[in-house]
Amino acid sequence: MDIELMISSFPKLLNATLITLKLLSVSLILGLFIGLGFAILRMNNNKLINKFAYGYSYIFRGTPLLVQIFIIYFGLGQIEYLRTTFLWVVLKEPYWCAIIAFSLNTGAYTSEILRSAFQTIKPGYLEAGRSLGIPSKIIFTKIQIPIAIKQSLPAYGNEIILMLKGTSLASTVTLMDLTGVAKYIISTTFKPVEVFIVAGGIYLFMTFIIHNVIKYLEKKYGFQT
Amino acid sequence: MELLYFGDKGWGDELFFATLMTIAVSITAMIIGFIFAALFTPLKLSNNKFLNSIGNAYTTVIRGVPELLVIYLFFFGGSGAIMFVASIFGYNDYIEINAFLTGSFSIGIISGAYSTEVFRGALQSIDKGQFEAAKVLGFNKYIYFFKIILPQMLRLAIPNLSNVWQITLKDTSLISVTGLVEIMRQSYIAAGSTRDPLFFYSFAAVLYLILTFLSMQLLNRLETKYSKGY
C-alpha cells in the first residue's frame, strides 16, 4: 500500500471530479427536457409520432453508450457538410460531443421513466379535477406533475447514479474527468489498487449523496396517492 | 457496402468474429456473475452482521463505481496480483493474463453485483410458508433447494435477469479499452484503417441492436416457460 501516492493523487482526482460533476449536471438538465419531450410524444395518439418516440428510446437504450459517443465524436466529423455549418464549432469539442451523447442517452431512459409515471396516474384524479371545473393547465401543473414526480423519483434516482457512472466514458474521448485522471495516474505509476481506492471512494461518496437527496425528496413528496 | 465483404477485401468476416467474441464474453461474464451471486446472495441474507456487511459492501461498491474504473483495476492490477501470488511459490517471470479472461472477469464481477440484488429480491419475495412447509414435510436439502425454492425464485428472477443480461452485453463494449477484439475494438480498427468511422460505428450500433433484440425474444420465451401455472 502506497499511502503517499494516495494522498498526493487526491487533490488531482478531486480537481477532475469537477469536470465529472459539470458533465453530469449539464447532461442531466438537457436530458430531462429531451426526456419530457419524448414522453409527451410517446403519449400522443398519432401512431407515427408514437413509433418515432419509441424508436428513439429503443435505439439509445439498446446500444452501448460508448458506441453513441464514438459515433458523435469520430463519426459526425466525417460528414463534409457538417464541417461548414455552425454545428462544427460544437462538434469539434470533445466536451460538447460527450454532453450531446450523454443527454441523448439519459433522455431516452428519462422518457421511459416519465411516460410510465404519467400513465400510472389514475384517470379518476383527472376526472375529478375536470368535474370540479379546474382548468386543464392547472390540472397538469398541480395534479399530474406532482404525482408524476413522486412516481418517478426512485427510478430517476437510479438513472442519475447510472449517468454518474456513464460520465466515466468521457475519458475515452480525451476528456480528463475523474476516471480519465485515475487512468493516467495508474498508467504512469502502475499502482492500480491505491488509485482505485481513492477514485472509487470519490465516486461512492457522490453516489451516497445522490442516494440520500433522492431519499429526502421521496419523503417530501411521499403523500398517499 | 464493399466495406462489409468477407475475405481480404472487406471487414465482414472480421466483424462477424468480433460479434461472436462479444457474445462469448457476455455469456462467460454472466456465468462468472452467477457464481459471484451464488456466493454473495447468502451473505446478504445472512443474520450475521459481519457476513451481511461483506455482502452489502460488494454490491454497493461495484454498483457505485464506474465500470471503466473496475476494468482498469483488473487490467492494470490483474497480472500484478497473479505475479505476486506466483512469487510466493517461487516463480518470478513475467506473467501476462489473457485479455479474454481479464475482460470476462471484470465484467463478471459487475454483472454479479446486479445478479446478487436480483436473487436477493426474488428470494425475499417467496412466501415464508413455502420454506416452512418444505422443512416441515422433511424434504432433504437437495429437494428443498432445487425442487421447491429454486423454481419459484427463477420465475421471479428471470425478468430482472434479462435486464442484467442487457447491461452485461452493453458493458462488454467497455473492455475494448483493454485491446480484446470484440465489436467495438474491431470497429475502431476498421474505422482507423478505412477512415470511415461513421459507417463502422453505426454498423456496430446495429450489431448491438440486433443482439439485444434477439436476446430479448429468447428471454421472453424463457419467461413464459417459467411462469407456467401462474
Every listed condition ((1) touching a residue at least 12 places away in the same chain (Cβ under 8 Å); (2) surrounded by fewer than 16 Cβ atoms within 10 Å (Cβ to Cβ); (3) under 21 Å from A:LEU204 (Cα atoms)) holds for A:MET43 save (3)
The residue from B:THR168, B:THR116 that alone is within 14 Å of chain A (Cβ to nearest Cβ), assigned to a helix (DSSP H, G or I) and of a type outside the set (Asp, Glu) is B:THR168
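Residues are listed down the side, and each one gets a yes or a no for (1) at negative phi; (2) more than 14 Å from chain B (Cβ to nearest Cβ); (3) of a type in the set (Val, Ile, Thr); (4) assigned to a helix (DSSP H, G or I):
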residue	(1), (2), (3), (4)
A:LEU14	yes, yes, no, yes
A:GLY35	yes, yes, no, yes
A:PHE38	yes, yes, no, yes
A:ILE49	yes, yes, yes, yes
A:TYR56	yes, no, no, yes
A:PHE74	yes, no, no, yes
A:TRP96	yes, yes, no, yes
A:ALA101	yes, no, no, yes
ask   = Within the range A:200-211, can one find any residue that is in a helix (DSSP H, G or I) and of a type in the set (Gly, Ala, Ser)?
value = yes
Expected single match for surrounded by 15 or more Cβ atoms within 10 Å (Cβ to Cβ) and under 13 Å from the mean Cα position of the chain (by Cα) among B:GLY77, B:GLY108 is B:GLY108
Restricting the range B:189-217 to residues that are within 9 Å of chain A (Cβ to nearest Cβ) and of a type in the set (Ser, Thr, Tyr), the one surrounded by the fewest Cβ atoms within 10 Å (Cβ to Cβ) turns out to be B:SER202
Going through the range A:114-146 in order, the residues found to be in contact with a Gly (Cβ under 7 Å, 6 or more places away or on another chain) and touching a residue at least 24 places away in the same chain (Cβ under 8 Å) are A:LEU114
Exactly one of B:PHE89, B:PHE105, B:PHE74 is away from chain A (no Cβ under 13 Å) and either of a type in the set (D, E, K, R) or in contact (Cβ under 8 Å) with a residue 24 or more places away in the chain (or both), and that residue is B:PHE105
query: Is at least one residue of the range B:51-70 of a type in the set (Phe, Trp, Tyr), surrounded by fewer than 22 Cβ atoms within 10 Å (Cβ to Cβ) and either within 24 Å of B:ARG185 (Cβ to Cβ) or away from chain A (no Cβ under 14 Å) (or both)?
result: no
A:PRO192 vs (1) surrounded by fewer than 16 Cβ atoms within 10 Å (Cβ to Cβ); (2) in contact with a helix residue (DSSP H, G or I) (Cβ under 8 Å, 6 or more places away or on another chain); (3) within 14 Å of chain B (Cβ to nearest Cβ): all pass except (1)
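Here, each number is a calculation from the coordinates, and none is a lab measurement. The shown structure was predicted, so the numbers you read here are calculated from the model rather than taken from an experiment. Methodologically, a virtual Cβ is constructed for each residue, glycine included, from the backbone with ideal geometry; neighbour enumeration extends over all protein chains shown.
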